[in-house]
Amino acid sequence: MSKTVRLTSSDGQDFNVVSEIANQSVLIKNMLEDIGDNADDNPIPLPNVSASILQKVIDYATYHKDDPPVPADEDSKPKSSDDIEDWDRDFMNVDQGTLFELILAANYLDMKALLDLGCKTVANMIKGKTVEEIRKIFNIVNDFTPEEEEQIRKENEWCEDR
């Protein structure tokens, strides 16, 4: 039988998780290594992750438990936001608040694959959109004066698609 780990969310809910799944988080893996055999007695507190988000993270980790580890040289390769699997695309089909909480949790828990997935999802949301469309999507108030906006456009002309 696989060993389980007890994780406690920020709102006090406990989750019993198979250690192989919990170890997909570098943070949890390091904590388990630090406490050694006392892991059975002590739940691991995750003060930055709510129960609803922790459940989603566990669902993601469970689905991807057999994925090969990401190679160390992966960071140097150019990334594309087009290579998202169908299951992952469906998994990330959530409201914006949940999406951003998942990204924050993935960053806190040090789960690179989930963090990359969240960032690719946001990238796809803004790909091909105008500044005004992006502001509308994310409810961003434009606090620039027309003069400031024009100055920024001039400074960034080089990166515009023409």
Pairs, first in contact (Cβ under 8 Å) with a residue 24 or more places away in the chain in the range 111-133, second acidic (Asp, Glu) and open to solvent by less than 40 Å² (accessible area, probe 1.4 Å), C-beta under 7 Å, six or more apart:
LEU117/ASP88
Regarding GLU33, is this residue of a type outside the set (Val, Ile, Thr), under 19 Å from the mean Cα position of the chain (by Cα) and either at pLDDT below 80 or in a helix (DSSP H, G or I) (or both)?
no
How do the pairs read when you match residues in the range 92-108 that are small (Gly, Ala, Ser) with residues anywhere that are open to solvent by less than 50 Å² (accessible area, probe 1.4 Å) and assigned to a loop (DSSP other than H, G, I, E, B), using Cβ under 9 Å and keeping only pairs 6 or more apart or on different chains?
ALA105/LEU46; ALA105/VAL49; ALA105/SER50; ALA105/MET111; ALA106/SER25
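Rundown of residues vs (1) in contact with a Ser or Thr (Cβ under 6 Å, 6 or more places away or on another chain); (2) assigned to a loop (DSSP other than H, G, I, E, B); (3) modelled with pLDDT of 90 or more; (4) not hydrophobic (A, V, I, L, M, F, W, C), yes/no style:
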position: SER2; (1), (2), (3), (4): no, yes, no, yes
position: ASP11; (1), (2), (3), (4): yes, yes, yes, yes
position: GLN24; (1), (2), (3), (4): no, yes, yes, yes
position: ASN38; (1), (2), (3), (4): no, no, no, yes
position: VAL57; (1), (2), (3), (4): no, no, yes, no
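Modelled with pLDDT of 90 or more and buried (at least 17 other Cβ atoms within 10 Å of the Cβ): does that describe VAL49?
Taking the combined requirement at face value, the residue satisfies it.
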Can you run down the residue pairs with Cβ atoms below 7 Å, 6 or more apart or on separate chains, where the first is in the range 49-76 and under 17 Å from ASN107 (Cβ atoms) and the partner is of a type in the set (Ser, Thr, Tyr) and at pLDDT 95 or above?
VAL49/SER9; VAL49/SER10; VAL49/TYR108; SER50/SER9; SER50/SER10; LEU54/SER9
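Residues checked against (1) in contact with a Gly (Cβ under 9 Å, 6 or more places away or on another chain); (2) modelled with pLDDT under 90; (3) open to solvent by 70 Å² or more (accessible area, probe 1.4 Å); (4) more than 30 Å from GLY128 (Cα to Cα):
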residue: ASN42; (1), (2), (3), (4): no, yes, yes, yes
residue: TYR63; (1), (2), (3), (4): no, no, yes, yes
residue: GLU74; (1), (2), (3), (4): no, yes, no, no
residue: LYS79; (1), (2), (3), (4): no, yes, yes, no
residue: ILE103; (1), (2), (3), (4): yes, no, no, no
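I'd like the full set of residues that are open to solvent by less than 40 Å² (accessible area, probe 1.4 Å), assigned to a helix (DSSP H, G or I) and out of contact with any Gly (no Cβ under 7 Å at 6 or more places or on another chain), limited to the range 105-117.
Pass one, the range 105-117, residues open to solvent by less than 40 Å² (accessible area, probe 1.4 Å): 105-106, 109, 111, 114, 117.
This time we only want the ones that are assigned to a helix (DSSP H, G or I), so: 105-106, 109, 114, 117.
Passing the criteria: ALA105, LEU109, LEU114, LEU117.
Residue-wise test of (1) more than 21 Å from ILE21 (Cβ to Cβ); (2) open to solvent by 90 Å² or more (accessible area, probe 1.4 Å); (3) not in a helix (DSSP H, G or I).
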position	(1), (2), (3)
ASP90	no, yes, no
VAL94	no, no, yes
LEU99	yes, no, no
CYS119	yes, no, no
ARG135	yes, no, no
ARG153	yes, yes, no
Of the conditions (1) open to solvent by 50 Å² or more (accessible area, probe 1.4 Å); (2) among the aromatic types (Phe, Trp, Tyr); (3) in contact (Cβ under 8 Å) with a residue 12 or more places away in the chain, PHE144 satisfies every one except a single condition; which number is it?
(3)
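The values are calculated or read from the model by the stated rules, or taken from the named source; none is laboratory data. Here the structure is a predicted model, which is why all the values come from computation and not from measurement. A quick note on method: Cβ atoms are made from the backbone with ideal geometry, for glycine too, and the neighbour counts reach across all protein chains shown. Surface accessibility is based on the protein's heavy atoms, side chains included, excluding ligands, DNA and RNA. Shrake-Rupley method; radii C 1.70, N 1.55, O 1.52, S 1.80 Å.
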